[in-house]
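Asks: The structure's right below; bear with me while I get my questions together.
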Amino acid sequence: MKTRTFQFLTVSFLLFQTGLRAQENIVVPQQANEYVRIYKPDGDYFFAPDTPNLKEGKWYDEWVPNDHTFVKGDDGKWHIFGITHPLVETKPLNKGIHEGEHGSFHAVSEATDFKETVKEHHYNDLPKILTPKDRPGEIAANHAPYIVRKDGLFQMVYGHSPMRLAVSDNLYDWEPKGELFSDPDGARDPNLLLYKGTYYLTYCSIKSVRMVTSKDLINWSEPKIILKTNKFDPESPTLLFHDNTFYLFVCAWEGGWDGKDIQGAYTHKAYVYNSNDLNDFGADQEKEIAVLNAHAPEIFQGEDGQWYISSVEWPYRGVGIDKLKWVKQK
């Protein structure tokens, strides 16, 4: 009995030591903090039915983007899609902070190499997509699109709950395909990772980041909590597999807005967590490894392998791009 106990403790100690070495050897994302604003929305007519402060068909000069996604088209050009709505300056400001988020902006680059698109105001605005009239029978909201390529089509998952799907063969014309799943606690800000033939869809809910899985983007597992955030409300998760381990980026709403300007509501603190188990990123700061400056960030690579992080509404209106590198943890 003592021998078995000793063997168990030895194995446990070795596993613990292995875990420590894994943590010590990970690479950590580090940003340059030199944002370039590649896209600022043009003025446009409001595309949705009237809201308390917005009128259908009325021109608005200032538009606010939010959660977004990057995708490269068959023509080689880079496209950005994301939440948008006219600026609403109500009193108090928080009353209209997300009013009219009923369609996605669509912007396209002139260049086919991403590094050549990282220039001031490089991306050109195109007509809004998936507005309420394009999605009969759906709820008005159209939030936080994320796009992957599957079966020769671009597949866009968007929220908020119920999560929904739209498909396109060219990134310009989209066909809604209906609901994918819902969460009784709410589901927002979807992100997709394809890993070993399975799609892992992460999203935010009450004080947590949750996950569902699918082989076909149609049939989904029951949700599970992969990160508990007792100290803040999570937003805009991104799950990555990099350097043989998993990273979860989560933007944090910690209630620090003074209500004096709209952009102050878009907090720019993005926590980064690391885990060898994509089902478990712990709670609060348990597996935190870095804090970055970005709101609703997307993390991706250009053609030459350079990593980038994006941010909206911080440090200015529109979509900004900053370089990212991975460094050994000290």
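The values are calculated or read from the model by the stated rules, or taken from the named source; none is laboratory data. Predicted model only: the values in this text are computed from it and were never measured. In this analysis, Cβ positions are derived from the backbone assuming ideal geometry, glycine residues included, and neighbour counts consider all displayed protein chains. In case anyone asks, the SASA skips ligands and DNA or RNA and just uses the protein heavy atoms, side chains included. Shrake-Rupley method; radii C 1.70, N 1.55, O 1.52, S 1.80 Å.
Asks: Taking amide H atoms as placed 1.01 Å from N in the peptide plane, list the residues 5 or more away in sequence, or in a different chain, whose amide H sits under 5 Å from that of THR51.
Replies: The answer is GLU56.
Asks: Okay, next question. Over the range 94-216, what per residue volume does the convex hull of the Cα atoms give, in whole Å³?
Replies: Enclosed volume per residue, from the Cα hull, is 158 Å³.
Asks: Let me ask something else about it. Give me, ordered by chain and number, the residues 5 or more places off ILE289 or on other chains with an amide H under 5 Å from its own placed amide H.
Replies: Here the answer is VAL272, TYR273, ASN274, since their amide H atoms fall under 5 Å of that of ILE289.
Asks: Shifting gears a bit: Go ahead and estimate [θ] at 222 nm for the chain from helices alone: -39,500 (n - 2.57) per DSSP H run with n ≥ 4, summed, over the residue count, rounded to 500.
Replies: -2500 deg cm²/dmol
Asks: Moving on. Is there a quick way to get the dipole size of the chain? I mean about its Cα centre, with the Cβ of Lys and Arg at +1 and of Asp and Glu at -1; what is the value in debye to the nearest 20?
Replies: Roughly 1240 debye for the chain.
Asks: Counting only C-alpha contacts under 8 Å and six or more residues apart, can you give the relative contact order of the chain as a whole percent?
Replies: Result for the chain is 17 percent.
Asks: Explain nothing, just the number: dipole magnitude of the range 151-262 about its Cα centre with +1 on each Lys and Arg Cβ and -1 on each Asp and Glu Cβ, in debye rounded to the nearest 20.
Replies: That gives a dipole near 420 debye.
Asks: What's log10 of I(q)/I(0) for the range 269-330 at q = 0.12, 0.26 Å⁻¹, Debye sum over Cα points only, no solvent?
Replies: For the range 269-330 at q = 0.12, 0.26 Å⁻¹, log10 I(q)/I(0) is -0.37, -1.14.
Asks: Go from 0 up to the bin containing the longest alpha carbon distance in the chain, width 10 Å each, and give me the % of pairs per bin.
Replies: The calculated distribution, bin by bin, is 5, 25, 35, 23, 7, 3, 1, 0.
Asks: Obtain the radius of gyration and the Kirkwood radius of the range 44-104 from its C-alpha atoms and give Rg over Rh.
Replies: Here the Rg-to-Rh quotient is 1.07.
Asks: Would you mind checking which residues have amide H under 5 Å from ALA283's amide H? H placed 1.01 Å from N; only 5 or more apart, or other chain.
Replies: Sorted by chain and number, the residues that satisfy this are LYS228.
Asks: Dividing the Cα radius of gyration by the Kirkwood radius, what Rg/Rh value follows for the range 173-213?
Replies: Looking at the range 173-213, the ratio lands at 1.02.
Asks: Pairs LYS77/LYS224; LYS177/LYS215; LYS228/LYS269: which exceed 28 Å Cα-Cα?
Replies: Flagged as over cut-off: LYS77/LYS224.
Asks: Taking the dipole about the Cα centre of the chain, with the C-beta of Lys and Arg at +1 and of Asp and Glu at -1, give me whichever of TRP314, GLY43, ASN33 is farthest to the positive side.
Replies: It is ASN33, whose Cα lies furthest towards the positive end.
Asks: Same structure again: Karplus couplings for the range 305-317 from phi (6.51 cos²θ - 1.76 cosθ + 1.60, θ = phi - 60°), rounded to Hz, Gly and Pro as x?
Replies: x, 5, 8, 9, 10, 10, 8, 10, 6, 8, x, 7, 5
Asks: For the range 225-330, what ratio Rg/Rh do Cα atoms give with a Kirkwood hydrodynamic radius?
Replies: Rg divided by Rh gives 0.98.
Asks: Separate question: With a bin width of 10 angstrom, please list the P(r) values of the range 86-140 as percents of all Cα-Cα pairs, from the 0 bin to the one holding the largest distance.
Replies: Per 10 Å bin, starting at zero, the Cα-Cα P(r) for the range 86-140 comes out as 20, 29, 32, 18, 1 percent.
Asks: Using a 1.4 Å probe on the protein chains only, how many percent of the accessible area of the range 65-156 belongs to carbon and sulfur?
Replies: Looking at the range 65-156 in its full context, I get 51 percent from C and S.
Asks: Next up: Cβ neighbours within 10 Å, averaged per peptide: list 198-204, 49-55, 229-235 in order, most packed at the top.
Replies: The packing order, highest mean first, is 198-204, 229-235, 49-55.
Asks: Let me ask something additional. Binned at 10 Å from 0, what are the whole-percent values of the Cα-Cα distance distribution for the range 200-269, short to long?
Replies: P(r) over the range 200-269, rounded to whole percents: 19, 41, 28, 12, 2.
Asks: Defining a contact as two alpha carbons under 8 Å apart and six or more residues distant in sequence, what relative contact order in percent does the range 212-330 show?
Replies: For the range 212-330, the relative contact order is 19 percent.
Asks: Among the aspartates and glutamates, which fall within straight-line cross-link reach of LYS328, defined as a Cα-Cα distance under 18 Å, with same-chain neighbours fewer than 8 residues apart omitted?
Replies: Partners found: GLU24, ASP243, GLU288.
Asks: Report the local net charge at PRO184: Lys and Arg +1, Asp and Glu -1, summed over other residues whose C-beta lies under 12 Å from its C-beta.
Replies: Net local charge, PRO184 excluded: -2.
Asks: Output the direction-averaged projected area (hull surface divided by four) of the convex hull of the alpha-carbon atoms of the range 167-294, in nm².
Replies: 9.7
Asks: So with the 1.4 Å probe, I'd like the accessible area per residue for the range 40-127, rounded to whole Å².
Replies: Ligands and nucleic acids excluded, the result is 44 Å² per residue.
Asks: Just to check I understand the Karplus step: with θ = phi - 60° and J = 6.51 cos²θ - 1.76 cosθ + 1.60, what whole-Hz values come out for the range 113-126, glycine and proline as x?
Replies: So the J values, rounded to whole Hz, are 10, 4, 4, 7, 8, 7, 9, 3, 6, 6, 7, 9, 5, 10.
Asks: How large is ³J(HN,Hα) for each residue in the range 90-99, as worked out from phi by the Karplus curve 6.51 cos²θ - 1.76 cosθ + 1.60 (θ = phi - 60°), to whole Hz, x for Gly and Pro?
Replies: Coupling constants for the range 90-99: 8, 10, x, 4, 5, 5, x, 4, 10, 5 Hz.
Asks: Same structure, new question: Quote the accessible area belonging to GLU179 in square angstrom, nearest 10, computed with a 1.4 Å probe and with ligands, DNA and RNA left uncounted.
Replies: Solvent-accessible area, nearest 10 Å²: 140 Å².
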